[in-house]
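Report on the structure given below.
The values are calculated or read from the model by the stated rules, or taken from the named source; none is laboratory data. In this text, all values refer to a predicted model and were calculated from it rather than measured experimentally. All Cβ positions, even for glycine, are placed from backbone atoms using ideal geometry, and neighbour counts span all protein chains on display. These accessible areas exclude ligands, DNA and RNA; they are computed on the full protein's heavy atoms, side chains included. Shrake-Rupley method; radii C 1.70, N 1.55, O 1.52, S 1.80 Å.
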Amino acid sequence: RTFRTEKFADYKANRASTPDEFRSQLSHINEMINGFGIKHFELEGYEADDIIGTLARQAEASGFETYMMTPDKDYGQLVDEHTFIYKPPRGGGKPEVLGIKEICERWEIERVEQVKDILGLMGDSVDNIPGIPGVGEKTAIALVKQFGSLENLLIATDQLKGKLKEKVEQHKELAIESKRLATIMIDVPLDIQPEQLRVFHGEF
């Protein structure tokens, strides 16, 4: 359980439970990672996304450039001048490095933080984030382009018409909660110094 499931019980509820065969291997995987001198972190109540987001911001503050290896679209909200997505290849393709330009072009937005607004409106079926029922990606993008943020939209629903106006006004709280669920934390209480992350301490 995490702080997200405490606030929204259906968060990720559509996912299959972790297979026992995999769960039983986790301790061995951790032993192997430790044996190679690779650090791994977990913190009760938080997801890996939140730990990665926090470490990325800490790394930037320490003068590093960070590449988050993931195909997850949610990570676009973390991208900045020194933080990038390194998207692994699929089907024999090439990896992609996504910076501010690529994220903004992908979502047709001006600022990467608007990724959270789009996800709040359209939801995310992978994580069972509801969004506003009936609002898909195209509509979410159009609304964010017009109003700039979810919050701006919700105080200006009088500018909407018809069914869309009805949907947005009816599901305001759901949209706010969806944006909160889609927001990756960058202030997880971690005390990790860059020196701790070196691979292969000592001599061989």
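Take the residues in the stretch 48-79 that are of a type in the set (S, T, Y) and free of Cβ contacts under 8 Å to residues at least 24 places away in the same chain; name whichever of them is nearest to L181 (Cα to Cα).
The selected residue is T70.
Please enumerate the residues belonging to the stretch 46-63 that are part of a helix (DSSP H, G or I) and under 12 Å from the mean Cα position of the chain (by Cα). It would help to see each step written out before you state the result.
Of all residues in the stretch 46-63, those part of a helix (DSSP H, G or I) come to 48-61.
Passing the criteria: A48, D49, D50, I51, I52, G53, T54.
Of everything in the stretch 150-184, what is outside any helix (DSSP H, G or I) and buried (at least 17 other Cβ atoms within 10 Å of the Cβ)? Give them in sequence order. Steps first, answer last, please.
Taking the stretch 150-184 first, the residues outside any helix (DSSP H, G or I) are 155-156, 160-161, 171, 183-184.
Of everything in the stretch 150-184, those that are outside any helix (DSSP H, G or I) and buried (at least 17 other Cβ atoms within 10 Å of the Cβ) turn out to be L160, H171, T183, I184.
Note down all Cβ pairs under 6 Å where the first residue falls in the stretch 104-117 and is farther than 21 Å from I129 by Cα, the second is crowded, with 22+ Cβ neighbours inside 10 Å, and they're at least six residues apart or on different chains.
Listed by first residue and then by second, the contacts come to nothing, as the list is empty.
Residues to consider are I100, I85, I109; find the one that is modelled with pLDDT of 95 or more, under 24 Å from A142 (Cα atoms) and touching a strand residue (DSSP E or B) at 6+ places or on another chain (Cβ under 9 Å).
Answer to the check: I100.
Please verify whether A56 is touching a strand residue (DSSP E or B) at 6+ places or on another chain (Cβ under 6 Å), closer than 16 Å to I192 by Cβ and either surrounded by fewer than 12 Cβ atoms within 10 Å (Cβ to Cβ) or not charged (D, E, K, R) (or both), treating the condition exactly as stated. Talk me through it step by step, then tell me what you get.
Values: touching a strand residue (DSSP E or B) at 6+ places or on another chain (Cβ under 6 Å): yes; closer than 16 Å to I192 by Cβ: yes; either surrounded by fewer than 12 Cβ atoms within 10 Å (Cβ to Cβ) or not charged (D, E, K, R) (or both): yes.
So A56 passes the test.
Let me confirm something: among H28, H40, which residue is open to solvent by less than 90 Å² (accessible area, probe 1.4 Å) and either farther than 25 Å from N128 by Cα or charged (D, E, K, R) (or both)? Walk me through how you get there before you give the answer.
On the way: H28 fails: open to solvent by less than 90 Å² (accessible area, probe 1.4 Å).
Just one listed residue meets the conditions, H40.
What single numbered condition from (1) over 18 Å from L197 (Cβ atoms); (2) assigned to a loop (DSSP other than H, G, I, E, B); (3) touching a helix residue (DSSP H, G or I) at 6+ places or on another chain (Cβ under 7 Å) fails to hold for I85?
(2)
List pairs: first in the stretch 143-171 and in contact (Cβ under 8 Å) with a residue 60 or more places away in the chain, second among the charged types (D, E, K, R) and open to solvent by 20 Å² or more (accessible area, probe 1.4 Å), Cβ under 7 Å, 6+ apart or cross-chain?
From residues that are in contact (Cβ under 8 Å) with a residue 60 or more places away in the chain, there are no pairs.
Take the stretch 67-107 and flag every residue that is within 20 Å of G120 (Cα to Cα), among the acidic types (D, E) and surrounded by 15 or more Cβ atoms within 10 Å (Cβ to Cβ).
Hits for the stretch 67-107 are D72, D74.
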